[in-house]
1. Run down the aspartates and glutamates and flag those whose C-alpha is under 13 Å from the C-alpha of A:K225, throwing out any fewer than 8 positions away in its chain.
2. Hey, what D do you get for region A:116-227 in µm²/s if you plug the Kirkwood alpha-carbon radius into Stokes-Einstein at 25 °C and 0.890 mPa s?
3. Measuring nothing but label to label, 7 Å from Cα along Cα→Cβ, what are B:P375's distances to the other copies in nm, shortest first?
4. In terms of modelled amide H atoms, which long-range or inter-chain residues lie less than 5 Å from the amide H of A:F347?
5. Taking the Cα atoms of region B:206-253, report the difference between the largest and smallest coordinate on each principal axis, in whole Å and largest first.
6. Scan around B:L41 for amide H atoms under 5 Å from its own, H built in the peptide plane at 1.01 Å from N, and keep only partners 5 or more places away or cross-chain.
7. Mind checking the mean number of beta-carbon atoms from other chains within 10 Å of the Cβ atoms in B:57-63?
8. Under a GNM of chain B (C-alpha, springs under 10 Å), which listed residue has the highest mean-square fluctuation: B:S94, B:S385, B:S126?
Protein chains: 2
Amino acid sequence: MAKIAVLGFGVVGSGTVELIYKNRGAILKKTGVDLDIKYILEIADMSGTPYADKQTKDINDILNDDEVITVAEVMGGITHAYEFTKECLKRGKSVVTSNKELVAHKGAELLKLANENNCRYLFEASVGGAIPIIRPIKSCLAANEINGLAGILNGTTNFILTKMLKEGMDFSDALALASKLGYAEKDPTDDVEGYDASRKICILSSLIFGRHVYPESVYCEGITKITAEDAAYAENWGGAVKLIGSVKELENGKILPMVRPSFVCGGNPFSHISDVFNGIAVYGDAVGEVMFYGRGAGKMPTASAVTADIINAVQTRGESFPLEWEECSAASSKDYIADYQDGDGAFYVRVQSMTEKQITELFGAVEFLTRASKPEDESAFITPSMTERVFNEKIAQIKLNLLNKIKVFEE
Amino acid sequence: MAKIAVLGFGVVGSGTVELIYKNRGAILKKTGVDLDIKYILEIADMSGTPYADKQTKDINDILNDDEVITVAEVMGGITHAYEFTKECLKRGKSVVTSNKELVAHKGAELLKLANENNCRYLFEASVGGAIPIIRPIKSCLAANEINGLAGILNGTTNFILTKMLKEGMDFSDALALASKLGYAEKDPTDDVEGYDASRKICILSSLIFGRHVYPESVYCEGITKITAEDAAYAENWGGAVKLIGSVKELENGKILPMVRPSFVCGGNPFSHISDVFNGIAVYGDAVGEVMFYGRGAGKMPTASAVTADIINAVQTRGESFPLEWEECSAASSKDYIADYQDGDGAFYVRVQSMTEKQITELFGAVEFLTRASKPEDESAFITPSMTERVFNEKIAQIKLNLLNKIKVFEE
């Protein structure tokens, strides 16, 4: 029997405990692993729950118990989670986590510590909730050179953008609805500014390219400036506006991780991913494009991923694996991570008081777009492909006319 | 260094060999596994290839070489592949395969043999080509009770149906185009009659529910009777006709595996999966719906899955795992697998020379559909939900009027 400790009895923690006891027999039959929870670390009173006898308020109970071989860190936050994870790993206890903030900021250090102590640090639940993505990249796609990936990585913003596109809502009304339905946090900054998606792109970029990518290296643009008008142009064009996190290798050998609202054409599967669903496409030299789709958050979906990692940690106890990725210092990251302006592609632009002639003189052969009740002096168009540096120079020339600009997504 | 043998140097076999040597260094770095191919079993002359020195025409060279610990069976067919696989497993050599026919017919026996000999029989490449599906079900979703799955499992038929829907082609023209582009075999029977998809549903059903499901137990309907008219009604309705393989647990505890053309509504992601792409949705109690999407066939995508299994077989050498699924005799399968007529749902029906009154008297409150240039005396509609037994009784009453009928897909 594998003795487990769960750090935190919040949404994901309680879901993990419930799921393990609900499906314990089926898990044993399918995987040969018999899970038993010995401790739940929680400050709040648990006396009303069926798991009160497992509660401890002292991490040392867990650290000092050699029977506990795997720990699920589902507390969130950085400070305590970081300290507790380090102490567990130092004692050879594998740690699995849903804590994307911690992995994005401290992943390289914690993976190294796990490696040195012959245990695992696993984080499937930190990206894409229920969607299997970390393990498929590590194992199912192991024979591929992966050149990049892209994804809708945040359910809250995808819900908001879906409402703006399909029901013509403006950003603030759609955000209010998301809050009302429990899809947005009280402080929605992390979601709407793209920080949550950015952490996930850090984790995925690090995994694919083998060196830690920190949030401060990721170009990040949120969705707060997207308007119902932009969404209407996208829909009329046959596509959608989506918040896309992506990373790819440029021709100069550097990688370009970014999170930004993007015009996605109707032929791309991302344009059909609605509401709180997430989708992640991985591009490999042998497989071409493979996409994973499902619920990117939520109590039981996230608990499913945490529990799968617990099972995997138990199954692979004592085995050694190569280090997932290495540290990347601030200095070396400059040689490794491209300036976002080195990327290229087409852009959607919405302007006022410009003639077609002025537009085409500046941007070249653009594709003009339209929408219902478009004002006379408003124009919207898709530019030809150019580097973002060149694009920014052009945009700087029409500051007063510019209403909005959004990158067009390309694989 | 892990010494490997590859049985067969056809499309998948040569792809596997090429991929292993192309990405050998990257595979070693990522997984710690250094792959080296010692033998390629092939009758045809390989002297023009870079791998001629590895050729053998005698399986005994491989069977008797203790250095060879993992064998990739990519020959296809049943007879030799079955014998060779058995002999390898008996000697404790793990076998990985892309041979869906063999797994669908002999999986239970070969898995048991692998289990008894403490080696692996892995078959990720047998379903969904490049798409990771077998391992995600076994590991990433291990904490879930999986209640069912559904998928577009055959690229050839999906290409044909896409052409019928988007370009109004009829079946035979679309099939001819698929042949011309190399998407259809010389004898396309296995694809267009649904047999290929049926084998994949056998494998997935066996894996999810733990008992072997044989092709003869799967209700199977191909796409040869689908017309451009049916596709036009589906498109007008906002959806598409897709060949869907599915399995689910009914309320009576039996499972219902089937392959059939299906009306898929526009809100379902399947309706947007076009051309030769495959998509598989898995329904679990914790994750809800998770979908996997990508190229379901092709040389390098399939080679990617074969190679990932080789790596996994090497990594887990000597470990023991629970048996994936058990034998299910013809007698016990009757208590286990439902009559397809016990399933229920709505149906699309196309008739001629029937009044609205006659139709609603027979089927109840139907939803009438339309299409461009619909003949006066043709009607098409979606029925209310009913068991297929009741539906068949109704259909039997309008034999002369019936033009076509297609099940409406429901998760």
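1. Partners within reach: A:D170, A:E193.
2. 156 µm²/s
3. Listed shortest first, these distances are 5.5 nm.
4. A:T383, A:V408
5. Principal extents (largest minus smallest coordinate, Cα): 40, 22, 18 Å.
6. Answer set, sorted by chain and number: B:V6, B:L7, B:G8, B:T56.
7. Mean partner shielding for this stretch: 0.
8. It is B:S385.
We did not get these values from a lab; they are worked out from the coordinates using the rules stated. No experiment lies behind these values; they were computed from the predicted model shown. Every residue, glycine as well, gets a Cβ built from its backbone with ideal geometry; the counts of neighbours run over all protein chains shown.
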